[in-house]
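The values are calculated or read from the model by the stated rules, or taken from the named source; none is laboratory data. A quick note: this is a predicted structure, and the numbers were derived from the prediction, not measured. Neighbour counts are summed over all protein chains in view; Cβ atoms, including those assigned to glycine, are modelled from backbone coordinates with ideal geometry. Please note that ligands, DNA and RNA were not included when accessible areas were found on the heavy atoms of the full protein model with its side chains. Shrake-Rupley method; radii C 1.70, N 1.55, O 1.52, S 1.80 Å.
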Amino acid sequence: MKDVGGAPPGGFQVLVVEDDEQMRRFLRVTLSVNGYSVTEATTGTEALAIAESRRPDLIILDLGLPDLDGVAIVNKLRKWFSGPIVVVSARHQEGDKVQALDSGANDYLTKPFGTSELLARLRAALRQTNRIGTEPEQGIFVSGDLRVDRDRYEVFVRGQLIKLTPLEYRLLHTLVRHAGKVVTRRQLLREVWGETHLEESHYLRVYMSSLRRKLEQNPARPEWLVTEQNVGYRLRIE
Ligand code: CA
């Protein structure tokens with residue numbers, strides 16, 4: 001595995017799939033300047049072919065392409081591609097964005113977005129993917145003052161042991177497993193409550209607010225358990 005850490009992202013190959021020329025140029029320039037090597041595709045068909053021949057480390061995929069549906073492309077890629085996929089969507093594509101995430105995209109960017117947001121998302125996606133397989137379920141997770149000991153099922157905030165109910169713990173544990181990455185409501189419901197409860201978004205709201213009350217200094221402005229509007233939640237990492 002390549003090292004992501006704080007080091008420059010040297011050697012990571014990114015496939016940019018975008019039909020809009022201006023956006024493509026912005027991505028190409030920004031990524032190249034920041035040490036990524038960039039390959040480009042302007043249609044879904046081309047993207048699938050290039051992904052297969054070049055085997056990029058990461059794919060940035062615009063959801064509004066002229067030929068194929070973005071969600072269908074994510075589904076096709078996920079049959080063999082295990083690297084991060086970051087989808088790019090326009091404001092009116094909220095639904096597609098959630099579907100793409102449910103199909104296995106790692107994260108999303110909504111147009112317009114700036115350079116620092118783009119680079120932060122890519123770093124997080126690469127870090128997340130590289131972490132899988134090395135410390136998936138166990139061990140101690142630390143983000144700032146939050147500490148989750150997954151071997152002992154214990155949670156500490158600023159050194160204080162916090163008492164969680166089993167469901168609160170499971171919800172937190174699921175977010176920790178995907179730390180730094182947006183997790184859709186559907187995905188959380190599936191992983192915490194199971195297949196039969198995919199529509200029960202209110203469970204999630206109830207348990208998320210009790211988790212916030214227990215963990216966050218200011219539950220109305222959470223530091224760790226962040227809401228991703230219309231999508232789901234993200235455990236912020238430091
Ligand atoms: Ca487009």
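Among (1) more than 25 Å from residue 175 (Cβ to Cβ); (2) within 16 Å of the ligand (Cβ to nearest atom); (3) not in a strand (DSSP E or B), where does residue 11 come up short?
All conditions are met except number (2).
Do you know which of the residues in region 24-45 that are open to solvent by 70 Å² or more (accessible area, probe 1.4 Å) and either touching a strand residue (DSSP E or B) at 6+ places or on another chain (Cβ under 8 Å) or not basic (Lys, Arg) (or both) is farthest from residue 95 (Cα to Cα)?
33
Please go through (1) within 12 Å of the ligand (Cβ to nearest atom); (2) of a type in the set (Gly, Ala, Ser); (3) in contact with a Gly (Cβ under 6 Å, 6 or more places away or on another chain) for residue 35 and return the number of the only condition it doesn't satisfy.
Here residue 35 meets the rest and fails (1).
Would you tally the residues in region 46-91 being open to solvent by 40 Å² or more (accessible area, probe 1.4 Å) and away from the ligand (no atom under 16 Å from the Cβ)?
So the count comes out to 12.
Considering each of 54, 121, 25, 91 in turn, give the residue that is over 28 Å from residue 190 (Cβ atoms) and in contact (Cβ under 8 Å) with a residue 12 or more places away in the chain.
When all the criteria are applied, what remains is 54.
Taking the condition buried (at least 16 other Cβ atoms within 10 Å of the Cβ), at pLDDT 95 or above and within 16 Å of the ligand (Cβ to nearest atom), does residue 16 pass?
Against the criterion (buried (at least 16 other Cβ atoms within 10 Å of the Cβ), at pLDDT 95 or above and within 16 Å of the ligand (Cβ to nearest atom)), residue 16 qualifies.
Given the criteria without any contact (Cβ under 8 Å) to a residue 12 or more places away in the chain and more than 13 Å from the ligand (Cβ to nearest atom), does residue 116 qualify?
Judged against the criteria, residue 116 is a match.
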